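A short write-up of the structure that comes next.
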Amino acid sequence: MHPEIFHIGNITIYTYAFLIATGTLVASIYTKWRAKKELGVIALSNHFFYLIFLGGFVGGKVFFYLEKPHYFLENPKLMLNNFSGGFVFYGSFITIFPIVIWYLKKHKIPVLPMLDILAITTLIVHSIGRLGCFFGGCCYGKPTDVFTGIIFPTTNGVRVHPSQLYEITTLLIIMGILLYIKKKQQFKGQIFLLYIIFYAVARNILELFRGDKRGFIIDAVLSHSQFIGIILMLISVLIYQKIKHKNSINL
């Protein structure tokens, strides 16, 4: 793989960090475009994206440390290795969500319609970020003999499932489905809630292919991401049904 792009003196530009930054840039351009077209938000401030990036960075890292707290407490220097990888998506998501809600309400931007836009935004960042995982050689899958198997530098010559590519494909499929549903959208917030539900289901399946070391609620049975995904999915289903029912009454 190619975990590093190039060096400038003592500074290393990591592929993972570069792709995360690229994904953020592409996603911000998309968000501004859709916010202007759909909501009439002429100039969505860059501060909005700075807050999201910072919140996502901190949340993703903190949840990563919490997966193996004893390990990082015993090796505190590893916590300073912040740019070569080591993020938990749901950690970023959970941290970013209240920041987004606070910002939108403060600046009087419609919350649910904007969340619908941000669902696609998140898929853009996530898919490009997972490409960074692929090049970085992290988040790989279990050993396999199927033709899709790939040998990563960290798998000691063992061919494994490229679970990063599986997830990128899944994210793009979810994006396509949501963009199609958006054409016949029934209520505001529907796209965002469906995104959470679809991804939670997909993530629980994708975790079955994962072979890298990560945190588990029940060892080798239920990972942290699966557990968080299930909780978010159940909450989203309840909210979805409530809003849909309310919307049908109003009709």
Quiz item: Under a point-charge model restricted to the Cβ atoms of Lys and Arg (+1) and Asp and Glu (-1), what is the dipole moment magnitude of the chain relative to its Cα centre, in debye to the nearest 20?
Solution: 1060
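All other residues with a Cβ under 15 Å from the Cβ of T24 taken together, and with Lys, Arg as +1 and Asp, Glu as -1, what is their net charge?
Value of the local net charge: +2.
Order of F152, F209, F57, F6 from fewest to most other C-beta atoms within 10 Å?
Fewest-to-most ranking of F152, F209, F57, F6: F6, F209, F57, F152.
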Quiz item: Local charge sum around V111 (other residues, Cβ-Cβ under 9 Å, Lys/Arg +1, Asp/Glu -1)?
Solution: +2
Quiz item: Where does each of M233, M114 land when they are ranked from fewest to most other beta-carbon atoms within 10 angstrom?
Solution: M233, M114
Quiz item: Against the longest alpha carbon principal axis of the chain, how many degrees, from 0 to 90 and to the nearest 10, is the axis of helix 111-136 turned?
Solution: 10
Exercise. State the extension gain, in nm to one decimal, for the chain segment bounded by T154 and V111, taking 0.36 nm per residue of separation less the distance between their alpha-carbons.
Key: 11.2 nm
Quiz prompt | Loop-located trypsin sites (Lys or Arg not before Pro) in the stretch 165-198, at most 15 other Cβ atoms within 10 Å (DSSP) | solution = K183, K184
Quiz item: Between rounded, prolate and oblate, where does the stretch 145-235 land on the alpha carbon gyration tensor, with a ≥ b ≥ c its root eigenvalues, rounded for a/c under 1.5, else prolate if a/b exceeds b/c?
Solution: oblate
Quiz item: What's the center-to-center distance, using Cα atoms, between the stretch 169-200 and the stretch 42-61 in Å?
Solution: 22
Quiz item: Given R₀ = 30 Å, FRET efficiency for H2-L66 by Cβ-Cβ distance, to 0.05?
Solution: 0.55
Exercise. Treating cross-link reach as a plain straight distance, find the lysines whose alpha-carbon is under 21 Å from the alpha-carbon of K32, omitting any fewer than eight places away in the same chain.
Key: K105, K106, K108, K182, K183, K188
Practice problem: Name the most mobile residue of Y199, Y103, Y140, meaning the one with the largest mean-square fluctuation, in a Gaussian network model of the chain with Cα contacts below 10 Å. | Solution: Y103
Practice problem: Taking the Cβ of each residue in K213, K142 as the centre, tally the other Cβ atoms inside 10 Å and list the residues starting with the fewest. | Solution: K213, K142
Quiz prompt | Alpha carbon Rg of the chain, scaled by the compact-globule rule 2.2 N^0.38 Å | solution = 1.05
Practice problem: Divide by every residue of the chain the summed helix terms, -39500 (n - 2.57) for each DSSP H run of at least 4, and state the resulting mean residue ellipticity at 222 nm, rounded to the nearest 500 deg cm²/dmol. | Solution: -22000 deg cm²/dmol
Quiz prompt | Using alpha-carbon coordinates, inclination of helix 89-106 to the longest axis of the chain, degrees | solution = 30
Exercise. Please determine, in degrees from 0 to 90 and to the nearest 10, the orientation of helix 15-39 with respect to the longest principal axis defined by the Cα atoms of the chain, where the helix direction is its Cα long axis.
Key: 10
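The numbers here are math on the coordinates, done by the rules we state, and not lab data. Just so we're clear, the structure is a prediction, and the values are computed from it rather than from any experiment. FYI the Cβ positions are ideal-geometry reconstructions off the backbone, even for glycines, and counts take in every protein chain you see.
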